[in-house]
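The values are calculated or read from the model by the stated rules, or taken from the named source; none is laboratory data. On a predicted model such as this, the values are computed, not experimentally measured, just so you know. Here the Cβ is made from the backbone with ideal geometry for all residues, glycine too, and neighbour counts use every protein chain on show. Each accessible area value is taken on the protein alone, full model and side chains, heavy atoms only, with ligands, DNA and RNA left out. Shrake-Rupley method; radii C 1.70, N 1.55, O 1.52, S 1.80 Å.
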Amino acid sequence: MADAKFIITQSDVFIKEIPLDKEIVTIGRGWGNDVRIPYDSLSRMHAQVMRAGPNKYLIKDLASKNGTFVNDSKVREHRLKHKDRVTLGKYTLTFLLINAPGDS
């Protein structure tokens, strides 16, 4: 069972909810990704999210052309925190820990 998820939005419009239920989740516009976002400014293999332990996740940019941004800062690798906003092109992926402490 996943202990985290992404809420994907575009211009504050809900697109999809994605549970992070694998050790490594790949994101990009290519068909082989776990999370496929068919948008030209995303690389085929854009980024990956790795589970690093209970409630611990890292996002890593996979040498994408346009970059991966967390809370408006370009990152190569970043430990995700509850409610972090990952920006890929015109899409926002809000990272949420399920049953996060202090969140009801």
Subject >> In Hz, Karplus ³J(HN,Hα) per residue of the stretch 27-43 (6.51, -1.76, 1.60; θ = phi - 60°; x = Gly, Pro) >> reply: 10, x, 8, x, 5, x, 7, 5, 10, 9, 10, x, 9, 4, 7, 8, 6
Original post:
Tell me, what is the 1.4 Å probe accessible area of residue 20, in Å² to the nearest 10?
Top reply: 0
Original post:
Given +1 on the Cβ of Lys and Arg, -1 on the Cβ of Asp and Glu, and no further charges, what dipole in debye does the chain carry about its Cα centre, rounded to the nearest 20?
Top reply: 280
**OP:** Just the ratio, please: alpha-carbon radius of gyration of the chain over 2.2 N^0.38 Å, N its number of residues.
**Re:** 0.98
Original post:
How much accessible surface area, in Å² rounded to 10, belongs to the heavy atoms of residue 68 with a 1.4 Å probe?
Top reply: 0
Original post:
Counting other Cβ atoms within 10 Å, which chymotrypsin sites (Phe, Trp or Tyr not before Pro) in the stretch 1-62 have at most 16 and lie in a DSSP loop?
Top reply: 31, 39
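Give me the number: length gained by fully extending residue 23 to residue 83, i.e. 0.36 nm times residue separation minus the C-alpha to C-alpha distance, one decimal in nm.
Extra length available between residue 23 and residue 83 comes to 19.6 nm.
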**OP:** Over the Cα atoms of the stretch 4-48, compute the convex hull volume and normalise it per residue, giving Å³.
**Re:** 74
Subject >> Low-density loop positions, GluC sites (Glu not before Pro), the chain - DSSP coil, at most 16 other Cβ in 10 Å >> reply: 23
